[in-house]
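Data first, discussion second: the structure below is written as structure tokens.
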Amino acid sequence: MEFSSKLLESAVYEMSQLPGVGKRTALRLVLHLLRQPETQTHHLAEALLTMRDTIKFCKKCHNISDVDLCEICANPNRDTTLVCVVEDIRDVMAIESTSQYKGLYHVLGGKISPLDGIGPQELNIYSLIEKVKEGEVKEVIFALSSTMEGDTTNFYIYKQIETYTIQTSTIARGISVGDELEYADEVTLGRSILHRIPFESSLKN
């Protein structure tokens, strides 16, 4: 792809680094921005910079937040004895959209994947174990995708907390094997949360 401007080429290259955006799509997006009022592009750039520079991670659940404690953890009406373990913020948003879950979350920030160099130490696993040790949590719900990496992560955490007096469960398999939570429809995901099964039962399947 030939460019008449190095500035245009640089902008297209940076845009194409986004997931799912190829160079042709990046070019269309950049040319679109060039056709818009200058202030619109400035607002977009400022919003991205402000987000990147000031975004926080909740000190309790690792969810993305504007302040130290996210709105979910700060809500006195949430059930603090119930913790749903998810991979990232997209899963929190997917489950919240069902309006079927009233507990708290714990965002791992990924899944164990030795092939990708991601081990337990790269994830927010040990802070979850500390929550369990403190004794307030009564049930941990595993809501990771039903992939090999998700199942491996679930099992690793389960082995770390199985000696504590705590209930462990996993979302019902209304979610197809291999599916990511963010792509599940709200009704199916909501039912999977409500009809969760003991984690030990899932090990026998």
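The values are calculated or read from the model by the stated rules, or taken from the named source; none is laboratory data. Just so it is clear, the structure is predicted and the values come from calculations on it, not from any experiment. When we count neighbours, we look across all protein chains shown, and the Cβ atoms used for this are built from the backbone with ideal geometry, even at glycine.
When only residues in the stretch 89-108 that are in a helix (DSSP H, G or I) and of a type in the set (A, V, I, L, M) count, which is nearest to the chain's Cα centre (by Cα)? Please lay out each step first, then the result.
Start the filter on the stretch 89-108 by keeping residues that are in a helix (DSSP H, G or I), which leaves 89-96.
Among the residues that remain, those that are also of a type in the set (A, V, I, L, M) are: 89, 92-95.
Working: I89: 3, V92: 6, M93: 8, A94: 9, I95: 10 Å.
Once the filter is applied, the top-ranked residue is I89.
Only one of these is modelled with pLDDT under 65 and either part of a helix (DSSP H, G or I) or buried (at least 20 other Cβ atoms within 10 Å of the Cβ) (or both): T168, T188, T152. Name it. Please lay out each step first, then the result.
Numbers: T168 fails: modelled with pLDDT under 65; T152 fails: modelled with pLDDT under 65.
Only one candidate passes the filter, namely T188.
So how many residues does the stretch 116-149 have that are assigned to a helix (DSSP H, G or I) and of a type in the set (V, I, T)?
Selection size over the stretch 116-149: 2.
Per-residue answers, yes or no, for (1) loosely packed, with under 14 Cβ neighbours inside 10 Å; (2) within 30 Å of K131 (Cβ to Cβ); (3) of a type in the set (A, V, I, L, M):
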residue	(1), (2), (3)
G20	yes, no, no
L27	no, no, yes
T39	yes, no, no
T54	yes, yes, no
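Does the stretch 41-52 hold any residues that are closer than 22 Å to L108 by Cβ and either among the charged types (D, E, K, R) or surrounded by 12 or more Cβ atoms within 10 Å (Cβ to Cβ) (or both), and which are they? First the steps, then the outcome.
Step one: of the stretch 41-52, the residues closer than 22 Å to L108 by Cβ are 51-52.
The answer is R52, and nothing else.
Quick check on D79: is it among the charged types (D, E, K, R) and closer than 30 Å to L8 by Cβ? Explain how you work it out, then say what you get.
Working: among the charged types (D, E, K, R): yes; closer than 30 Å to L8 by Cβ: no.
No.
Take the conditions outside the structural domain of V107 (by TED's automatic domain parsing) and hydroxyl-bearing (S, T, Y) and apply them to S16. Does it pass? Step through it out loud before you land on a result.
On the way: outside the structural domain of V107 (by TED's automatic domain parsing): yes; hydroxyl-bearing (S, T, Y): yes.
Judged against the criteria, S16 is a match.
Filter the stretch 82-117 down to the residues that are free of Cβ contacts under 8 Å to residues at least 24 places away in the same chain, out of contact with any Gly (no Cβ under 7 Å at 6 or more places or on another chain) and acidic (D, E) and list them by number.
Kept after step one, since they are free of Cβ contacts under 8 Å to residues at least 24 places away in the same chain, are these residues of the stretch 82-117: 88, 110, 114-117.
Adding the requirement that they be out of contact with any Gly (no Cβ under 7 Å at 6 or more places or on another chain) leaves 110, 114-117.
D116, the sole residue that qualifies.
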